[in-house]
Amino acid sequence: EELSKHSTLTVACLEDINSQSKLTAVSGNQLYRLVSIRLLKIKSAGALFSKINFFLKKIQLGLLLRNKTGVWLNSPVQYLYIESIVKSHQIVVYDCMDDTPEFFGEDEKTKNALLLIEEKLCRRADLITTSSLALKQRITERFKNKGNIHVVNNGLSATLLNTATNSLPITIADVFKDQRCKYIVYIGTISSWFDFDSLLKGLAHYPPFVLVLVGPSDVAIPVHPKIIHVPPVEHSLVGGIMQAADILIMPFKITPLVKAVNPVKAYEYISSGKPVILSRYDETVVFEPYAYLYDGAHSLNELLELHLKNALPPKQPVEDCIRFAQANTWEKRGLQINRLLQKV
């Protein structure tokens, strides 16, 4: 959205959505959902159809890339499609948002294949942006890349600053109706990196606390009388949910994948002016002036106990939190990226 303020974009979606082949977006930009053939539910045919769809998408991308200044990729997998069709005079930008190979855990074969693709992409890229310093360091160390790599951290939507006082719909307001409870709120994806163990120990030690999880889950959420799961909500409701919370928390296990993450939710949480608790790792240390950091169940319990004693206030006044948020919006990141693109 921010790049489209500076350039006319053609956006291609590689996923097999099986929907309209072309949608017109705002400001003259175009969104293409690439056409592919539905896969048959026959194993022997699946591999063949995958190969057919790969080349079908490659042909479409080749047509889309004609007369374009360059191409912006946000996954090494995407480079497989355009490696042989992008021209030498076209700019290639690699926006490295995550350590993609680490998503595959102990699947060494897949991880190594992705590392090979990523190395090719990094060698070809005219500009590499990483969402965290940790990602920049990993790319530099892995591929001995000393090229055009710049850290462009994540940020928050400026609209969130305008919706922080929005009231909640009845269905969500009911979650926070018991005034005797203290509500610990997490907003985001619930996955394998979620530190349930520490939170469950906290809920066992301090009965007044209720954990409210807002967002999609791809893991089993423990069945517990003090855990409430709310399905994903419209982004316009996030501000209201944060205002209803007593504590906003980001409880992540410190895995290699997490260590590379510059967390969007830290910026969003801080903008609320509420007490914020984050797992401690290199990328969250920079938020320490605005958030409390914890190192495990015991450390988390100490913070929860302080809150019950009314000794865990927001670290900064609301005005300072808002100023911090305003300095870290996606609009600011868009300006930073546009300056980098102009240099390229």
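The values are calculated or read from the model by the stated rules, or taken from the named source; none is laboratory data. Every value quoted in this text rests on a predicted model; they were computed, and no experiment measured them. Heads up, the Cβs are rebuilt from the backbone with ideal geometry, glycines too, and the neighbour counts pull from every protein chain shown. Please note that ligands, DNA and RNA were not included when accessible areas were found on the heavy atoms of the full protein model with its side chains. Shrake-Rupley method; radii C 1.70, N 1.55, O 1.52, S 1.80 Å.
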From (1) open to solvent by 50 Å² or more (accessible area, probe 1.4 Å); (2) more than 26 Å from V285 (Cβ to Cβ); (3) among the aromatic types (F, W, Y), pick out the condition that doesn't hold for Y81.
(1)
Selection count where residues are without any contact (Cβ under 8 Å) to a residue 24 or more places away in the chain and of a type in the set (A, V, I, L, M, F, W, C), scope the stretch 104-124:
3
Quick one: is V77 in a helix (DSSP H, G or I), in contact with a Leu (Cβ under 8 Å, 6 or more places away or on another chain), under 28 Å from V264 (Cα atoms) and in contact (Cβ under 8 Å) with a residue 40 or more places away in the chain?
yes
Pairs please, first residue from the stretch 134-148 and β-branched (V, I, T), second anywhere and surrounded by fewer than 20 Cβ atoms within 10 Å (Cβ to Cβ), Cβ atoms under 6 Å, 6+ apart in sequence or on different chains.
I139/N145
Can you name the residue in the stretch 94-113 that is farther than 25 Å from S36 by Cβ and outside any helix (DSSP H, G or I) and is also farthest from the chain's Cα centre (by Cα) among such residues?
E106
Of all residues being touching a Gly at 6+ places or on another chain (Cβ under 7 Å) and in contact (Cβ under 8 Å) with a residue 60 or more places away in the chain in the stretch 89-103, which is most open to solvent (accessible area, probe 1.4 Å)? Just the residue, please.
I91
Can you tell me which residue within the stretch 135-184, out of those that are touching a Gly at 6+ places or on another chain (Cβ under 8 Å) and part of a loop (DSSP other than H, G, I, E, B), is surrounded by the fewest Cβ atoms within 10 Å (Cβ to Cβ)?
T165
What pairs come up if the first residue lies in the stretch 272-289 and is farther than 23 Å from N310 by Cα, the second is polar (S, T, N, Q), and their beta carbons are under 6 Å apart, counting only those six or more places apart or on different chains?
E283/S132; E283/N262
Which residues, counting only those in the stretch 114-134, are over 17 Å from the mean Cα position of the chain (by Cα), assigned to a helix (DSSP H, G or I) and either β-branched (V, I, T) or surrounded by fewer than 18 Cβ atoms within 10 Å (Cβ to Cβ) (or both)?
L115, L116, I117, E119, K120, R123, R124
Members of the stretch 284-307 found to be touching a strand residue (DSSP E or B) at 6+ places or on another chain (Cβ under 7 Å) and farther than 23 Å from T255 by Cα, listed by number
Y290, L304, H307
Looking for whichever is touching a residue at least 60 places away in the same chain (Cβ under 8 Å), hydrophobic (A, V, I, L, M, F, W, C) and farther than 29 Å from E1 by Cβ here; the options are A297, A260. Which one fits?
A297
